[in-house]
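Report on the structure given below.
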Amino acid sequence: MSTPAPHSTAENVIRFYYRGEIHTVDQAAPTRTVLQHLREDLHCTGSKEGCAEGDCGACTVVIGEQTADGVTLKSVNSCIQFLPTLDGKALYTVEDLKQDNGALHPVQQAMVECHGSQCGFCTPGFVMSLWDLYLKNDGGQAPACKSAGTAASACQPLQRKDIDIALSGNLCRCTGYRPIIDAAHRMGELPAVGFDREALQHALQPLQRDDIFVYQHDGQTFYAPRTLAQLVEVRAAKPDARILAGSTDVGLWVTKQMRDLGDIIYLGQVSELNAMVTRGGQLEIGAGVTLNDAYAEICKHYPELSEMWQRFASLPIRNAGTLGGNVANGSPIGDSPPWLIALGAQVVLRGPAGQRVMPLEALYLDYMKKDMQADEFVESVRIPLPHAGQRFRTYKLAKRFDQDISAVCAAFSVTLDGDQIRDIRIAFGGMAATPKRAALTEAALRGQVWNESVLETAVALLSDDYQPLSDMRASAEYRMKTSQNLLRRFWLETRIDAPLRGDQVNPFVCA
Ligand SMILES: Cc1cc2nc3c(=O)[nH]c(=O)nc-3n(C[C@H](O)[C@H](O)[C@H](O)COP(=O)(O)OP(=O)(O)OC[C@H]3O[C@@H](n4cnc5c(N)ncnc54)[C@H](O)[C@@H]3O)c2cc1C
Ligand code: FES
Ligand code: FES
């Protein structure tokens, strides 16, 4: 195939909705970040750069996007999002919140009233995360208010957990957070300011493209196919190009490692990859579905994943990053592969020859080495739905509750027939060069009675399955000891006299 060409030179332009009009860019490198463009090109310096790696939230902006049902708005870290990914979308920064009459938005007013800002460096990021929360909750009220016909008097204030989730990606070194949380409660008490979603949908309509978007600058090309067929074609023609999904890993290769990515194939506009379908006893999640949407759907079937959902990075990272990216990256400390493997998930790869489907664990050959050809990509992940007698848990050990990478991540799924183990699947992250099953331990457990003496035999066997490393996150001894203790914890929570499911899990959003 010849390299897809832009439809015309006039179309070699990134277009997005910004400050009430269509904004165009044609002279930026494909890896120029949204934050760099805002601060250095547009001199719009409200959004700050703290870390340039998605950790501090000072750069938080809100992105609006057209969907089948209307528009969505979500907070993301502008420091790791590349400018061409904005094509067809809307960008909102802290400068956009002021009302037409010049008054502060209730989110900003609440921050002032509650003394939520001291040095002020983090404040624009907090304000944008709070604005995202405000938009999702009809003016800072509880989610129940979104139901049609709910009387305003029946609306409850936001719960603390909603606020904690919304602010999980924002760091402040001055305030101690309490005044900011007060502001989150206060914003819903102030006169509400609406947001016209229909007007946004109308504004986004002319920006939607029917065909692949190709943007070229200084020898580097950014491809944004719109269909699976286009993606297969461009991938086959450009096997060396870097696939880009949510940019929450790849973005840092540019901002921290100063890597030249070469050509880029962006998955965010491929409609088929954004689907989630339940059929044949499986939930299939397209590789373009964001982590937040994917976890929300999976949690309906496995509420035991609720704490992992909340503890996976932060909300802006989950709003951008994808489950497909977590799987394809194949990091030994990624949080999704262990539980996906424990649940018996399959990964669907696609290339010019069609699909290849394999158990997820088979994808991981060695440290960052995968059974994926240069012209293939991850199309979806298939997750079996819960079955009778199944007891499942996953645990994350990290130094912080929010926004931290695991030292150890464990996942266990046992299927019991009475007190006998019909099947068991155990997988760990952080214990080997890849996310890895505990094959020896599993084999020793199958067919046994799920009791404490069998458990202790299994605990001892874990050291045959894993020889972990020491690194900055944890020592090998800590990893082995905590893995053994997590297996004990799983047994304690799922022994036959324990409740089957649900009531020992974190009552986070899935509840
Ligand atoms: C602040 C911060 C906190 C984080 N916290 C966590 C955490 O708690 N737990 C955790 O597991 N991870 C964490 N991460 C890592 C990251 O968010 C996840 O790995 C995420 O799932 C990556 O998805 P993405 O869509 O952003 O992938 P990208 O960054 O776009 O891509 C990641 C890699 O996968 C490849 N790729 C992406 N999609 C496909 C596909 N469909 N087919 C083939 N290749 C593909 C890319 O080429 C690249 O090599 C964190 C990252 C940041 C910046
Ligand atoms: S600058 Fe810290 S998250 Fe973007
Ligand atoms: S007010 Fe100073 S960092 Fe938050």
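The values are calculated or read from the model by the stated rules, or taken from the named source; none is laboratory data. Because the structure is predicted, anything quoted here is derived from the model rather than measured. For neighbour counting, all protein chains shown are included, and Cβ atoms are generated from backbone atoms with ideal geometry for every residue, glycine included. Surface accessibility is based on the protein's heavy atoms, side chains included, excluding ligands, DNA and RNA. Shrake-Rupley method; radii C 1.70, N 1.55, O 1.52, S 1.80 Å.
Summing Cβ point charges (Lys, Arg +1; Asp, Glu -1) relative to the Cα centre of region 275-505 gives a dipole of roughly 200 debye. Put simply, region 275-505 fits an ellipsoid with semi-axes of 26, 20, 18 Å; these come from the alpha carbon gyration tensor as the roots of five times its eigenvalues, largest first. If the chain linking I496 and Q159 were pulled fully straight, counting 0.36 nm for each residue of separation and taking away their Cα-Cα distance, it would gain 117.8 nm.
Applying 1/(1 + (r/R0)^6) with R0 = 30 Å to the Cβ-Cβ distance of L469 and M358, what FRET efficiency is obtained, to the nearest 0.05?
On the way: r = 26 Å, r/R0 = 0.88.
My answer for the efficiency is 0.70.
Could you sort 356-362, 178-184 so that the peptide with the highest average Cβ count within 10 Å comes first and the rest follow in order? Walk me through the intermediate numbers first.
Details: 356-362: 16.3, 178-184: 21.0.
Top to bottom by mean Cβ count within 10 Å: 178-184, 356-362.
Give the accessible surface of the chain per residue, rounded to a whole number of Å², with probe radius 1.4 Å and ligands, DNA and RNA excluded. Spell out each step's value before the answer.
Details: 21190 Å² over 511 residues.
With the other protein chains kept in place, the chain gives 41 Å² per residue.
For a test of the definition: using alpha carbon positions, the gyration tensor, and the 1.5 limit on a/c, classify the chain as rounded, prolate or oblate. Could you put the intermediate results ahead of the total?
On the way: a/c = 1.86, a/b = 1.30, b/c = 1.42.
It comes out oblate by the Cα gyration axes.
Once the C-beta distance of E189 and F401 is scaled by a Förster radius of 22 Å, the resulting FRET efficiency is 0.20 to the nearest 0.05. Keeping the other protein chains in place, figure out the carbon and sulfur percent of the accessible area of region 275-505, with a 1.4 Å probe. Its accessible area is 52 percent carbon and sulfur atoms.
Counting Lys and Arg as +1 and Asp and Glu as -1 over every other residue whose Cβ lies under 9 Å from the Cβ of A374, the net charge comes to -2.
Once you have a ≥ b ≥ c as the square roots of the Cα gyration tensor eigenvalues for region 352-410, tell me rounded if a/c is under 1.5, and otherwise prolate or oblate according to whether a/b is larger than b/c.
On the way: a/c = 2.65, a/b = 1.38, b/c = 1.92.
Oblate shape, in that a/c is at least 1.5 and b/c is the bigger or equal ratio.
Taking a straight Cα-Cα cut-off under 29 Å and skipping sequence neighbours fewer than 8 places away in the same chain, the lysines within cross-link reach of K256 are K48, K74, K89, K238, K369, K370, K396, K399, K436. I need the shape label for region 1-133. Rule: rounded when a/c is under 1.5, else prolate if a/b > b/c, else oblate, with a, b, c from the alpha carbon gyration tensor. Prolate, because a/c is 1.5 or more and a/b exceeds b/c. Note on H202 and A275: the model spin-label points, each 7 Å out from Cα along the C-beta direction, lie 3.3 nm apart. What number comes out for the charge environment of L207, summing +1 per Lys or Arg and -1 per Asp or Glu over other residues with Cβ under 10 Å away? Charge balance in the 10 Å sphere: +2. In this rough spin-label picture, where each label sits 7 Å from Cα along the Cβ direction, the M258-H301 distance is 4.6 nm.
Placing a label point 7 Å from the Cα of C174 along the Cα-to-Cβ direction, the residues of region 17-60 whose backbone N falls under 18 Å of that point are 45-51, 56-60.
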